Amino acid sequence: MFRPRSRDAGPPDLAFRIGHGYDAHRIEAGDGVTLGGVQIPCVWRLIAHSDGDVLIHALCDALLGACALGDIGKFFPDTDAKFKGVDSRELLRDVVARVDDLGYAVVNADLTLISEVPKVAPHVNLMRARLAEDLRVSPGAVNVKATTNERMGHIGRKEGMAGHAVVLIALRGDRSA
């Protein structure tokens, strides 16, 4: 099921592709964070050019990586004023459209938040629902989990948080037509 394509035409036609993404941002005192597309009221805020959603940023990188398209900074640079404060769900929907344009669809996504604060368990189901909507899959195809860093390092000192994402995408139908 492999058909080589030109170097600039995107990924070769492989039936399945896996991508991994990572993102981290500093945190400071504030009035809430956005994680997994959900605004969580708390006494922290993410320091970032966009809304700083580390889970969605990691997810975007995972999807772009699965398609061999580079990373989030290539398409949404933090030097571009139009992305200042942008809702990361907009970025995710753009990335999903790029995946779709290459003939792929998301099979599933697994995301991990690494942070001491805030507690996200009460928000996980809403995160899964919003991410699933943007990924065009059922909530059962999206997993969100959180862990601490056991008070070690910058994350453990409540100076930052990080997210990891792993995705599986699959080629949709016959593209030879």
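For the reader, a short list of remarks on this structure follows.
- Accessible surface of the chain [probe 1.4 Å, protein heavy atoms]: carbon and sulfur percent: 52
- Taking amide H as placed 1.01 Å from N in the peptide plane, the amide H of Asn149 sits under 5 Å from that of Ser115, Glu116, each at least 5 places away or on another chain.
- Ranking by accessible area, most exposed first, for Phe76, Phe16 with a 1.4 Å probe: Phe16, Phe76
- What the Cβ-Cβ distance of Asp87 and Ala129 gives, at R0 = 25 Å and to the nearest 0.05, is a FRET efficiency of 0.95.
- Label-point separation, His20 to Phe75 (7 Å along Cα→Cβ), nm: 2.1
- Charged-residue dipole, Cβ positions (Lys, Arg, Asp, Glu), segment 48-117 about Cα centre, Debye nearest 20: 160
- Rounded accessible area of His123 (nearest 10 Å², 1.4 Å probe): 50
- In the context of the full set of protein chains, residues of the chain present 50 Å² of accessible surface per residue (probe radius 1.4 Å, heavy atoms only).
- The 3J(HN,Hα) values that the Karplus relation (6.51, -1.76, 1.60; θ = phi - 60°) gives for segment 18-30 are, in residue order, 10, x, 10, x, 9, 8, 8, 9, 6, 10, 8, 4, x Hz. Gly and Pro appear as x.
- Segment 108-177: GluC sites (Glu not before Pro) in DSSP loop, at most 13 other beta carbons within 10 Å: Glu150, Glu159
- Sites listed here are trypsin sites (Lys or Arg not before Pro) in segment 111-148 whose DSSP assignment is loop and whose Cβ has at most 14 other Cβ atoms within 10 Å: Lys119, Arg136.
- Helices in the chain, meaning DSSP H runs of at least 4 residues, each add -39500 (n - 2.57). Divided by all residues, the mean residue ellipticity at 222 nm is -7500 deg cm²/dmol.
- Working note: Cα atoms of segment 42-147, range along each principal axis, descending, whole Å: 40, 35, 18.
- In this structure, the amide hydrogen of Cys42, modeled 1.01 Å from its nitrogen in the peptide plane, lies closer than 5 angstrom to those of Gly32, Val33, counting only residues at least 5 positions away or on a different chain.
- Between Asp94 and Lys145, the simple label model (points 7 Å from Cα in the Cβ direction) yields a spacing of 3.2 nm.
- For segment 69-163, share of DSSP beta bridges that run antiparallel, in % to the nearest 5: 25
- Cβ-placed point charges (K, R +1; D, E -1), dipole of the chain about Cα centre in debye, nearest 20: 280
- Angle between the chain longest axis and helix 54-66 axis [Cα atoms, degrees, rounded to 10]: 20
The values are calculated or read from the model by the stated rules, or taken from the named source; none is laboratory data. Just so you know, these numbers come straight off a predicted model, no measurement behind them. So basically every Cβ, Gly included, is an ideal-geometry build from the backbone, and we count neighbours across all protein chains shown. Calculation scope for accessible area: heavy atoms of the full protein, side chains included, ligands and nucleic acids excluded. Shrake-Rupley method; radii C 1.70, N 1.55, O 1.52, S 1.80 Å.
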